[in-house]
1. Over both sides of the A-B contact, add up the buried accessible area with a 1.4 Å probe and give it to the nearest 100 Å².
2. For segment B:148-245, restrict the atom set to alpha-carbon positions and state the Rg and Dmax in Å.
3. Please list, by residue number, everything in segment B:42-69 whose backbone N is under 15 Å from a paramagnetic label point 7 Å out along Cα→Cβ of residue B:148.
4. Please name the residues of segment A:86-103 whose accessible area, counted over protein heavy atoms with a 1.4 angstrom probe, falls by no less than 20 Å² between the chain alone and the full protein assembly.
5. For each pair in A:92/A:128; A:104/B:43; A:45/B:43; B:123/B:234; A:100/B:281; B:52/B:81, compute the distance between the two Cα atoms and list the pairs where it is over 29 Å.
6. How much accessible area does residue B:160 have with a 1.4 Å probe, in Å² rounded to the nearest 10?
7. With a 1.4 Å probe and all protein chains left in place, how much of the accessible area of segment B:231-282 comes from carbon and sulfur atoms, in whole percent?
8. Counting other Cβ atoms within 10 Å, keep those with at most 14, restrict to DSSP loop, and tell me which trypsin sites (Lys or Arg not before Pro) in segment B:138-235 are left.
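The values are calculated or read from the model by the stated rules, or taken from the named source; none is laboratory data. Predicted model, so just to flag it, every value in this text is computed and none were measured. Here the Cβ positions follow ideal geometry from the backbone for every residue, glycine too, while neighbour counts run over all protein chains shown. These area figures cover heavy atoms from the full protein model, side chains too; ligands, DNA and RNA do not enter into them. Shrake-Rupley method; radii C 1.70, N 1.55, O 1.52, S 1.80 Å.
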Amino acid sequence: MRNQWMKEIFAVVLVAAGCFLLSVSMFAHHGTNISYDQSNPVTLKGVMTDFYYRNPHPQVFFDVTDESGNVKHWVGEIAPTPFTLSQHGWNKSRSTEALKPGTKITITLGPSRVGTPVGVVMKILNEKGEELLDQRAGEQ
Amino acid sequence: MRPIIFAVSLLVFASFSFAQAPQSKPKKVTDWGGQAEGPAPAKLPPIDPKEKFDSHDFSGLWRAATGRSITDGRMMTSWDKVPPRTEWGEKVFQSRLTGRPGPQKQAVEPAKGNDPIMTCNPKGIPRLLFYTGGQAQFYHVPDQILMEFQSQGTLRHIWMDGRDLPKNPDGRWMGYSVGHWEGDTLVVDTVGFDDRAWLDQWGNVYSSDMHFQERWRRTDRDTLEVVFRIDDPKTYTRPWISDTKIWKRQSGEIREELCAPMDENFFNENVRDPAGGIIHKK
């Protein structure tokens, strides 16, 4: 009985998580569906090096260091436009402050299908576990 | 046990819905700069069914309704309702590369395809009408209705002084638009296009000979309905009539959403091209 209950809870949470990911990814802008594999997201721990709150899409630049100390430079495309982000409370100054160089992030991306260190951003957390640039209506 | 499952489901979905709402209250004072000010504007008050509105006055800020389907506002109709193309129309369609799923050719490398707007070329009319990500402000002025599109900061003139459409118009990105009222319906006819522009983000085609018609109707205080019609024998073997599109009135203000080539080039070099496997040396 308890197992059945747990299974059902798990199913509910899974559906809710699916709704969230779908809502973030469905309306990404240019070429997103072809360039990025959002069905196989990767989660990375990195350090911000640059952030640009610009059209057509904001961009996060961050470094990921592996266990051997090798650093890989990544770029993430934020699917919503600055306009859409601003409508959800993430104006330029707030976003830039939240992602200033040196900020440690945990970022989930749909990676480039050709294997380059580029991805469409699905979720960004800061060190406190707070979600950054969170919104649910990225537009085409 | 079932009620517990139901309650948990409700809680999860309620939290999901809550997360969609703006998380902070609107500021009372905003700084100059439009784009820079913060939280989302307050929503419009609920519609009072008895509230009167002028069906011949579209003044204000509107936005094509967004949804889950391309037919909600992004394209004339679903793909199965696209009219058969002529040989010319098919040739042009096949020359277009987008990064979007669909029956059109797809650009994996280079990721940016050859959509002209990805180097900041004008969207033009009709494409601006299919951009659901932005807003448009209507103004009624003597002899004209103006549409100011947030996207690319574009102004459109619709002549309402009874003039005829030009006979041999020069091609323009925005075309040449003349409007008139038929009862409560604003009918806008546009000719004289520059056919280098795409109809929509999927690379659908029109020729410079297209006759494009919009039929707008304000159905309540906050809603415009519009149907588009394309007559373009050079491209399609029959007219293409759209589904009914819904535009909703917006609170807040029109924002700056210019396409700056320096920003677009930066994005292409650092994101769009590398995502498609093209790395630019620095």
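1. 4500
2. When restricted to Cα atoms, segment B:148-245 yields Rg and Dmax of 13.8, 39 Å.
3. B:59-63
4. Hits at the 20 Å² cut-off: A:86, A:87, A:88, A:89, A:91.
5. A:104/B:43; A:45/B:43; B:52/B:81, as the Cα separations exceed 29 Å there.
6. Here the residue's solvent-accessible area equals roughly 50 Å².
7. On segment B:231-282, the fraction of accessible area on carbon and sulfur atoms equals 55 percent.
8. B:163, B:167, B:196
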